[in-house]
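Have a look at the structure below, then the notes.
Derivation of every value follows stated rules applied to the coordinates shown; laboratory data play no part. Values in this document were obtained by computation on a predicted structure and should not be read as measured data. Cβ placement follows ideal geometry from the backbone for every residue including glycine, while neighbour counts extend to all protein chains displayed.
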Amino acid sequence: MSHDDHGHGHGHGAGTEAPEAPPVNDTEGSLLNALRAKAEPLKKFMGGEYKETQVWKSIFRHKLDKSHRNRSLAVLSNVFLHLHPARINRNAVRYNFTWGMGGITFYLFVLLTLTGTLLMFYFHPSKGQAYKDIMYLQNDVPFGNLLRNMHRWSAHAMVITTWIHMMRVFLTGSYKPPREFNWNIGVLLLLFTMLLSFTGYLLPDDQLGFWAVTVGTNMARATPILGHEGPLGPELGFTAFNDVRFALLGGSVVDANALLRAYIWHCIAIPIIAAVLMIVHFWRIRKDGAISGHAPVMLESEVK
Amino acid sequence: MDWEQIWKLVALPDNVPIVLLLVLLPFYLWMAFSQAFKNDRLIARLEADPDLRKTHHRTTFPHHPSWAPTVHVWPHLLKREFIAMIIVTAFMIVWSICLDAPLEEPANPNLTMNPSKAPWYFLGLQELLVYFDPWIAGVVLPSIILGGLMAIPYIDTNPLGNGYYTWKQRKFAVGTFLFGFIVLWVVMVVIGTFIRGPGWLWFWPGQTWDHHRVDHEVNYDLHAYFGIEGTWPTFFFGLGFLLALGGITGALTHLFLKKCYPRMLQSMSKLQYIVMMQFWVFQIIVVVKVIARLVFHVKNFWVTPWFNV
Ligand code: HEM
């Protein structure tokens, strides 16, 4: 049945039963049908023909049906997804092996990069202004408070998930050959995750950050050889004005220079270092033969 | 009893994450160990039954010979990752709506915070400042922790337990790691956060923080207990004590390993053994020093003109 027939019949039938309405109904029906007819190509296009266009084909190099080939290509031909292999051990996708902890840690890092970049639009790393900027974010910037909260809590959460991820890797023995090196990349990631969090602590320039960083960096005074209160430090000519703490803070106390240095470490240097380490970490997971388990259990009587 | 005090501490915005840690940690430990015990039972069955060994798929999961050993990442892994992303996003948004990040008064070098605390994840190290000179607590011990973690894959020669949870096959490794992580790190963080008050003094939960409390506790260096005086006698006494402590710890550990894990000793090279023993002894000395200080009021084991241990 064509749309025209249907429209006509409908109008006619309505006309016999309700004489007042027909003209309106009739024009409405035919207008609708005309539109429908016009929309037909669009419908076809949206219904699947768009996949035949040059634009679409230039973006997606394969179909999206459920064949094995396409499921593999979906992963392999996408720069973000191809961190994954096309297929993995059927038990490796079980939640109770990795707890998703490494992935969650990485996702929190992404979340922190996004919220951190947005925070940077409002933040001047200079004494006096920094604190005002945080107040401004909290009180005036639309969603500024939410943004700041998300950044802070994601940072704390990332420290926690990194610890738990490390515990998982240990408890599954996943640092054993061939993954020894990747465990070490992980240890560096642990260190830089905590340093990332720590350098961010000073940035609001409030009492909390100031004293936390003062306490933290006071330990650097006592570094053996390099600190002016550490063993052999004074003997080698180190004072409060040239030792390793001075280098960290850009001064002998936590002040404007320390704020600037913390800012640069926090927003540029450490994120880059951590990102590079993560790239290596993920690359090595693939090269070491994917995730280690759930592996079949081994028996002591069978090892030699 | 002043429960208000401990509640104030727990509810401090920056301490809320520790509460999260203290919830997640037991949960994941349970998840790991329930699987470890399941695997251990399977291992015991397989060890006992050579015929079963030949046919069994050796996991605790459902298995059918016709099932492919691998699955497609798209959709089986990606959908899980997607769901995890959504859950984490929702969780972070809710957390961020419910709890505001702290902002105190502007930084003021003339107004000391008492207690001044580092961020909570460093409070384990700050707590160690009570027991050790700053260069040890702040520099040497963190280096040993990182060095020890990095050495783990190279000193653990046990091929068993690679890629599955187990307890029985890796008791010593798992026990040592969890002791270091839970007791020497997480418990120290908890003490540093919830127990230490003004002047870094010890306040039990339920005790009020007294900003005027004077520390009446007097600690003595170990040599004082033995009536030893003078720079060099003290020096050699302390050195001797530390060497003896390390030696005894090492010897006892060696005997223990020889009795309980003879194969482990056989499979290790000399270098692996020495490195492993080093880190093990360091860990024990830290514990002994903490206990000596808290229980016996011993300040230092080894006093020298340049540094104290
Ligand atoms: C910023 C921190 C880190 C990120 C983003 C990260 C990310 C990941 C991801 C996504 C995986 C895949 C499996 C999983 O999700 O568990 C993984 C595996 C692994 N991670 Fe990490 N990780 C981090 C820190 C660490 C740390 C601290 C360690 C150990 C000290 C570590 C050691 C490993 C090892 C050995 C594997 C392979 C595990 C296996 O094959 O079962 N990683 N990591």
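For chain A, the longest principal axis of the C-alpha atoms and the axis of helix A:129-139 are separated by about 40°. Once the Cβ-Cβ distance of A:VAL276 and A:THR53 is raised to the sixth power relative to R0 = 35 Å, the FRET efficiency obtained is 0.35. Applying the criteria of a DSSP loop state and at most 15 other Cβ atoms within 10 Å to the chymotrypsin sites (Phe, Trp or Tyr not before Pro) of the range B:150-255 yields B:PHE226. Taking amide hydrogens as placed 1.01 Å from N in the peptide plane, the amide H of B:ASN308 sits under 5 Å from that of no residue at least 5 positions away in sequence or on another chain.
Tell me the trypsin sites (Lys or Arg not before Pro) within the range B:197-292 that lie in a loop according to DSSP and have at most 15 other beta-carbon atoms within 10 Å.
On the way: sites: B:ARG213, B:LYS258, B:LYS259, B:ARG263, B:LYS270, B:LYS289; in loops: B:ARG213.
Hits after loop and neighbour filter: B:ARG213.
The Cα center of the range B:249-274 and the Cα center of the range B:160-220 differ in position by 27 Å. Couplings 3J(HN,Hα) of the range A:217-224, computed from phi: 7, 4, 4, 5, 3, 9, 4, x Hz, in residue order, whole Hz [Karplus 6.51 cos²θ - 1.76 cosθ + 1.60, θ = phi - 60°; x for Gly and Pro]. Please go through the range A:110-181 and write out the chymotrypsin sites (Phe, Trp or Tyr not before Pro) that DSSP classes as loop and that have at most 13 other C-beta atoms within 10 Å. For chymotrypsin sites (Phe, Trp or Tyr not before Pro) across the range A:110-181 that sit outside H, G, I, E and B with at most 13 neighbouring Cβ atoms in 10 Å, the list reads A:PHE121, A:PHE143.
Looking at the square roots a ≥ b ≥ c of the eigenvalues of the Cα gyration tensor of the protein assembly as shown, which shape do they give, rounded for a/c under 1.5, prolate if a/b is larger than b/c, or oblate? Display every interim value, and only then the final one.
Details: a/c = 2.62, a/b = 1.53, b/c = 1.71.
Cα axes put the protein assembly as shown in the oblate bin.
Averaging the sequence gap over all C-alpha pairs within less than 8 Å and six or more residues apart, then dividing by the number of residues, gives chain A a relative contact order of 15 percent. Each stretch of four or more DSSP H residues adds -39500 (n - 2.57); spread over every residue of chain A, this sum gives -20000 deg cm²/dmol at 222 nm. Comparing mean-square fluctuations of B:MET188, B:MET31, B:MET268 from a GNM of chain B with C-alpha springs under 10 Å, the top value falls on B:MET31. For the range A:282-289, putting each phi into the Karplus relation 6.51 cos²θ - 1.76 cosθ + 1.60 with θ = phi - 60° gives couplings of 5, 4, 5, 4, 5, 5, 7, x Hz, in residue order, rounded to whole numbers and with x for Gly and Pro.
Take each uninterrupted DSSP H stretch in chain B, measure its Cα extent along the helix axis, and return the ones at 24 Å or beyond whose mean Kyte-Doolittle hydropathy is at least -0.5. The partial results should precede the final answer.
Numbers: long enough: B:16-48 (48 Å, 1.10); B:73-98 (36 Å, 1.47); B:231-260 (43 Å, 1.10); B:270-296 (36 Å, 1.63).
Within chain B the helices that satisfy the rule are B:16-48, B:73-98, B:231-260, B:270-296.
Taken residue by residue and averaged, Cβ atoms of other chains lying within 10 Å of the Cβ of B:131-139 number 6.
With an a/c value of 1.5 or above and a/b not larger than b/c for the gyration tensor axes a ≥ b ≥ c computed over the alpha-carbon atoms, chain B is described as oblate. Going by alpha carbons, how many degrees (0 to 90, nearest 10) lie between the helix axis of A:101-120 and the longest principal axis of chain A? Roughly 90 degrees, rounded to the nearest 10.
The HN-Hα couplings worked out from phi for the range B:49-55 by the Karplus form 6.51 cos²θ - 1.76 cosθ + 1.60 (θ = phi - 60°) are 10, x, 5, 4, 3, 6, 10 Hz, whole numbers, x standing for Gly and Pro. Residue order for B:ILE93, B:ILE6, fewest other beta carbons within 10 angstrom first, comes to B:ILE93, B:ILE6.
Can you grab the distance from the C-alpha centre of the range B:73-94 to the C-alpha centre of the range B:113-159, Å, no decimals? Centre-to-centre distance over Cα atoms comes out at 34 Å. Within the protein assembly as shown, antiparallel bridges make up roughly 90 percent of the DSSP beta bridges whose residues both belong there. Working from Cα positions, state the angle (0 to 90°, nearest 10) between the long axis of helix A:3-17 and the longest principal axis of chain A. That works out to roughly 60 degrees. Pairs spanning more than 19 Å between alpha-carbon atoms, out of A:LYS38/A:LYS63; B:LYS38/B:LYS258; B:LYS8/B:LYS117; A:LYS176/B:LYS171; A:LYS43/B:LYS79; B:LYS117/B:LYS299: A:LYS38/A:LYS63; B:LYS38/B:LYS258; A:LYS43/B:LYS79; B:LYS117/B:LYS299.
Per-residue ellipticity at 222 nm, computed for chain B from helices alone with -39500 (n - 2.57) per DSSP H run of at least four residues, works out to -18000 deg cm²/dmol.
Give the order of A:LEU248, A:LEU35 when sorted by the count of other beta carbons within 10 angstrom, beginning with the fewest. Before the final figure, lay out each step's value.
Numbers: A:LEU248 17, A:LEU35 10.
In order of increasing Cβ crowding within 10 Å: A:LEU35, A:LEU248.
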